[in-house]
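The next block holds one structure in the form of structure tokens; read it before the comments.
The values are calculated or read from the model by the stated rules, or taken from the named source; none is laboratory data. Keep in mind that this is a model prediction, so the values were computed, not measured. Here the Cβ is made from the backbone with ideal geometry for all residues, glycine too, and neighbour counts use every protein chain on show.
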Amino acid sequence: MKFSVNQQDLQKSLGYCQGVIEKRSTLPILSNVLLEINSGHLTITATDLDLIFIHKISNVEILDEGKTTTSSSIMYDIVRKISSGSKISFSNPSESKLQLESEKSIFNLNCISASEFPLTDENFNQNEFSMHSKDLLKLLNKCKFSISNDETRHYLSGIFFHQTQVEDKAYLTAVATDSHRMSVSKIRLNNKIEFDPVILPKKTIFQLCSLLEDFEGDVKISNIKSKIKFELNNSILISKLIDGKFPNYIQVVPKENQKKLEIELKPFLNSVDRVASVSLDKKDGVKFNLKKNMLDMSVNNTNSGDGKESLSVKFDHELDISFNSRYLIDVASQLDGDQIEIYLKDTGSPALIRDPADFDSIYVVMPMKG
């Protein structure tokens with residue numbers, strides 16, 4: 001094989017591959033990317049067996065077609081150190097070597113035969129629908145911070161995607177929870193789709209977010225029993241799904257929280273962040289002491305000290321309640337408007353948080369004891 005490619009195109013593609021490839025893989029082939037030159041494209045593929053990422057680069061000069069695999073991290077490290085925008089030429093002088101030339105540099109990298117690269121070909125075309133990249137990114141961003149890190153409950157270590165209906169409108173709804181907090185967000189669909197509920201794994205979500213941030217356009221989504229496929233313009237991401245049953249999240253959404261607290265978002269976010277500074281691991285609760293139109297916040301840490309701050313708010317009741325500061329900051333950072341609305345019931349009941357600028361997202365946060 002013999003071809004030349006632009007440094008920036010290659011760096012971007014290999015950058016995505018880094019997110020897929022496991023750093024400590026037991027199979028050497030899984031540390032490699034598959035490079036294929038055919039029909040006018042360079043196709044780069046990376047996999048960890050659960051996730052497959054395929055990226056096409058069209059802007060290539062091809063002298064000779066062929067395919068091989070080489071270390072993803074070494075090639076990425078070399079490519080990102082080559083001056084931006086320069087041309088990189090590739091050839092394979094032998095079956096086990098890939099030569100890479102640019103400006104005054106020549107590298108010979110070890111290869112493993114492409115025939116050893118694990119590829120699965122499956123037909124995804126049965127249930128396909130499209131949505132705008134920024135809509136999908138919104139759903140992921142509004143939920144991903146609530147994903148559980150608890151290995152024992154694997155069904156919570158992802159985002160639950162399913163179709164919901166409100167009156168005659170169809171939505172794609174995303175939910176994540178770690179049982180201390182929950183995020184629910186939905187996007188209106190143009191029409192009803194054929195889509196089985198799925199739990200998308202955490203690693204896939206972060207990989208998908210980095211792709212969607214760089215892409216403006218429609219994403220084609222299709223799923224078969226245990227896998228889902230996302231097609232962007234030049235990239236395809238195929239992921240295994242989490243096998244398990246997501247809990248009934250509807251029953252967790254508080255129905256009786258009548259005490260409405262309205263706060264300006266920016267000052268609230270800054271206050272919580274400042275007050276929480278005295279807590280080194282951010283595990284200490286931020287205590288809310290609420291009176292009419294007044295919020296006193298305090299954090300007390302036996303080792304490092306305490307902090308207090310007051311904010312003018314809109315509130316018509318009296319209530320004391322404590323929250324994990326990290327949870328409040330995570331939610332508040334995802335809101336679109338200038339206000340945050342927190343609906344409360346009593347000291348021990350979960351709070352419902354809404355964004356007046358986005359009726360399609362809600363958050364539930366459990367209070368802390370003490």
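Of all residues in the range 103-151, those being among the charged types (D, E, K, R) and within 30 Å of residue 353 (Cβ to Cβ) number 7. The single condition among (1) in contact with a Ser or Thr (Cβ under 9 Å, 6 or more places away or on another chain); (2) in contact (Cβ under 8 Å) with a residue 24 or more places away in the chain; (3) in the same structural domain as residue 46 (by TED's automatic domain parsing); (4) not small (Gly, Ala, Ser) that residue 107 does not satisfy is (1). For the range 199-214, a residue qualifies if it is outside any helix (DSSP H, G or I) and either modelled with pLDDT of 95 or more or polar (S, T, N, Q) (or both), and the qualifying residues are 199, 200, 201. The sole residue among 193, 199 that is touching a residue at least 40 places away in the same chain (Cβ under 8 Å) and surrounded by fewer than 16 Cβ atoms within 10 Å (Cβ to Cβ) is 193. Considering only residues in the range 11-47 that are exposed (fewer than 14 other Cβ atoms within 10 Å of the Cβ) and basic (Lys, Arg), the one that is nearest to residue 100 (Cα to Cα) turns out to be 23.
Yes or no: residue 221 in the same structural domain as residue 164 (by TED's automatic domain parsing), assigned to a strand (DSSP E or B), without any contact (Cβ under 8 Å) to a residue 40 or more places away in the chain and under 30 Å from residue 42 (Cβ atoms)?
Criteria not met by residue 221.
For the range 23-50, the set of residues classified as closer than 15 Å to residue 117 by Cβ and of a type outside the set (A, V, I, L, M) consists of 25, 28, 31, 32, 36, 38, 43, 45, 47, 48, listed by residue number.
Within the range 284-298, the residues that satisfy the criterion of being in contact (Cβ under 8 Å) with a residue 24 or more places away in the chain and out of contact with any Ser or Thr (no Cβ under 9 Å at 6 or more places or on another chain) are 290, 291, 292.
Evaluation of residue 144 against the conditions (1) of a type in the set (D, E, K, R); (2) crowded, with 20+ Cβ neighbours inside 10 Å; (3) modelled with pLDDT under 95 shows that the sole unmet condition is (3).
The rows are residues; the columns are (1) in a strand (DSSP E or B); (2) not hydroxyl-bearing (Ser, Thr, Tyr).
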residue	(1), (2)
268	no, yes
273	no, yes
280	no, yes
288	yes, yes
298	yes, no
310	yes, no
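Assess whether residue 316 counts as being over 18 Å from residue 342 (Cα atoms) and either touching a residue at least 24 places away in the same chain (Cβ under 8 Å) or under 27 Å from the mean Cα position of the chain (by Cα) (or both). So residue 316 does not fit the description; no.
In the range 56-78, the residues that are at negative phi form Cβ pairs under 7 Å with partners that are of a type in the set (Asp, Glu) and part of a helix (DSSP H, G or I), at six or more places apart or across chains, as follows: 57/9; 59/9.
In the range 147-173, the residue that is farthest from the chain's Cα centre (by Cα) out of those that are of a type in the set (A, V, I, L, M, F, W, C) and surrounded by 15 or more Cβ atoms within 10 Å (Cβ to Cβ) is 170. Among the strands (runs of 3 or more DSSP E) confined to the range 81-154, the ones with at least 2 residues that are farther than 30 Å from residue 185 by Cβ are located at 87-94, 97-102, 105-112.
When the test is whether a residue is more than 28 Å from the chain's Cα centre (by Cα) and not in a strand (DSSP E or B), residue 303 passes it. Working carefully through the options 330, 281, find the one that is out of contact with any strand residue (DSSP E or B) (no Cβ under 6 Å at 6 or more places or on another chain), at pLDDT below 95 and of a type in the set (Asp, Glu). Just one listed residue meets the conditions, 281.
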